[in-house]
Amino acid sequence: MTESKRADARRNRDQVIAVAREAFAEYGTATSLREVARRAGVGIGTLYRHFPTREALLEAVLADRFEKLRRDALDLADADDPRAALGQWLGQLAAGSGTYRGLPESVLTALRDKESRLHAACDAMRSAGGDLVRRAQDAGVVRQEVVVEDLLAAAAGIAWAGERAEDPTALVDRLLDYLMAGVATRPTT
């Protein structure tokens, strides 16, 4: 392949990703791939050559976001208040999950399916979040039976509820407060 063709292929791929981000934000992750290709100005064959499945396209769209969540979890690992750090990270996760309608379901499906193309990106983020959970548990501020998978599911549910709310930010903030109160250790009496 010549340098010019490689550059064209790279441009087409980048254009499809950019258009998919816009389409997913506007219509959700179930947006027609034909519509994404049309908006990107490429044929459906070109889209499928770069992204053989919807999940592959979703992975490309979300890769930066999942990597940022992974890095944010690592940055929060040394916070003075591990429970607050965990809550902050879950808030970032819920806010990001609410960007594209249908995304929470896609992420949860990918976390369960080890063969999924999204799984590796989700798993790295999950692992970093798990470190935040363990740190909060070690500090005695989060209950020992809490597992990161449950918190990810709860954050996805919160994001899903936010998609349907009149004031999504207020609802997400309230539900995250309830979640964090629920996972907090109880003082012994």
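The values are calculated or read from the model by the stated rules, or taken from the named source; none is laboratory data. If you're wondering where the values come from, they're calculated on a predicted model, not measured in any experiment. Cβ sites come from the backbone with ideal geometry, for glycine too, and all protein chains shown count toward neighbours.
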Would you confirm whether any residue within the range 92-101 is assigned to a loop (DSSP other than H, G, I, E, B) and either at pLDDT 95 or above or basic (Lys, Arg) (or both)? yes
In this structure, does Thr109 turn out to be modelled with pLDDT of 85 or more, part of a helix (DSSP H, G or I), over 10 Å from the mean Cα position of the chain (by Cα) and among the β-branched types (Val, Ile, Thr)? no
Residue under evaluation Leu93, criteria (1) in the same structural domain as Leu152 (by TED's automatic domain parsing); (2) free of Cβ contacts under 8 Å to residues at least 40 places away in the same chain, criterion not met: (2)
Scanning the range 12-63 for residues that are of a type in the set (A, V, I, L, M, F, W, C) and out of contact with any helix residue (DSSP H, G or I) (no Cβ under 9 Å at 6 or more places or on another chain) gives Ala25
Which condition does Val146 not pass, out of (1) under 18 Å from Gly28 (Cα atoms); (2) outside any helix (DSSP H, G or I); (3) in contact with a helix residue (DSSP H, G or I) (Cβ under 6 Å, 6 or more places away or on another chain), if it passes all the others? (1)
